[in-house]
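The values are calculated or read from the model by the stated rules, or taken from the named source; none is laboratory data. Only a predicted model underlies this, so the values are computations on that prediction, with no experimental measurement involved. Backbone-built Cβ (ideal geometry, glycine too); neighbour counts: all protein chains shown. What goes into the accessible areas is simple: the full protein's heavy atoms, side chains included, and nothing from ligands, DNA or RNA. Shrake-Rupley method; radii C 1.70, N 1.55, O 1.52, S 1.80 Å.
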Amino acid sequence: MTPTHAAGPDGSIRLASATRADIAVDVVAVVVLGILGIVGFRLAYGGTDYLLAGIVGVTIGTAIGLVGAVRRVGAVIVTSWLVAAYFAFSGMALHSLATAAVLPNAAVLRAAASGPIWGWAELITTLAPVGDTAKLLAVPYVAATLATAYTISVARRTSSSFFLALGPISLVAISILFGTSTPAALLTQGLGTAVILFGWLAIRRRGSRSNAVAAAGRSRLVGGVLMLTLAGIVSATVGGSIPGADHRARYVLRDQAEPPFDPRDYASPLAGYRHYSDHRGSNL
């Protein structure tokens, strides 16, 4: 989508209304795709704290990536903005340790700093659901921040569909790899991401063509959405009945890591206490 410009009353150059509409479409698509990507963490975390952390990350990444792209700021400056905002709003994402559940403090900053480094390993070696541990909530927080910042930056700086799709697809892949062997939202995440992503790419391609080609693009978009919807319905209803469908294990990192020690898997040493005493008390 090539930006268009118009001269303002004072002679300055401003974005035309069509470009503002394009930006709005990009922002909505990035936010929806970011939330759909975070949903895959649901069974690994349980509750809704992971979703709150992810939404905060989506908001930060989208806002900073958009501002950087509009102002044509370099990657180094955008990265510094992201780091600053990541810690500034960490109290909202890791609210279990925050002051008044919003303001960051020393404990929140430590968790926000160590989470992206050590939280990944602890997440896959901790029995699910892991709950609202602040260090572990930093995983969806930082993943959503980086993925959405990358996606909106590519959307506003280039016209490449391939590099644009890498952001949402990577976020979905991360949520699957660090999730559980049981899908958290197979239909919602899979079909929803496909429909929004392909629809967004089609709208972007249509915006740079003539009206006649745009009409054909709309027809292809509608047809593609219908096909994806039909495929999702079929997979949700009869997908499990396809021969071999139930023999394919879902690959997650949790199954490849050595599980933590669980005392419930071993007999208690207290079970042998009765051998050191009898009912008359003569063998104490």
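Structure values in brief
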{"item": "Residue-by-residue Karplus 3J(HN,Hα) for the range 45-56, coefficients 6.51, -1.76, 1.60, Hz, glycine and proline x", "result": "9, x, x, 10, 5, 4, 5, 4, 4, x, 5, 4"}
{"item": "Carbon and sulfur %, accessible surface of the range 130-206 computed with the full protein complex present, 1.4 Å", "result": "72 percent"}
{"item": "For Thr99, distant residues with modelled amide H under 5 Å away", "result": "Asn105"}
{"item": "Segment Thr125-Arg20, extension gain: residue separation times 0.36 nm, minus the distance between their alpha carbons", "result": "33.3 nm"}
{"item": "Burial ranking of peptide ranges 92-98, 134-140, 124-130 (average Cβ count within 10 Å, highest at the top)", "result": "134-140, 92-98, 124-130"}
{"item": "The range 127-166 - Debye-derived log10 I(q)/I(0), Cα point model, q = 0.32 Å⁻¹", "result": "-1.02"}
{"item": "Part-to-part distance (alpha-carbon centres) for the range 28-61 and the range 105-135, which is given in Å", "result": "16 Å"}
{"item": "Gyration tensor (alpha-carbon) shape descriptor, the range 26-111, a/c threshold 1.5", "result": "oblate"}
{"item": "Rounded percent of accessible protein surface that carbon and sulfur make up, the range 40-129, 1.4 Å probe", "result": "74 percent"}
{"item": "Cut-off under 5 Å, modelled amide H: who pairs with Phe89 long-range", "result": "none"}
{"item": "Amide H within-cut-off set for Asp132, under 5 Å, with H built and near neighbours excluded", "result": "none"}
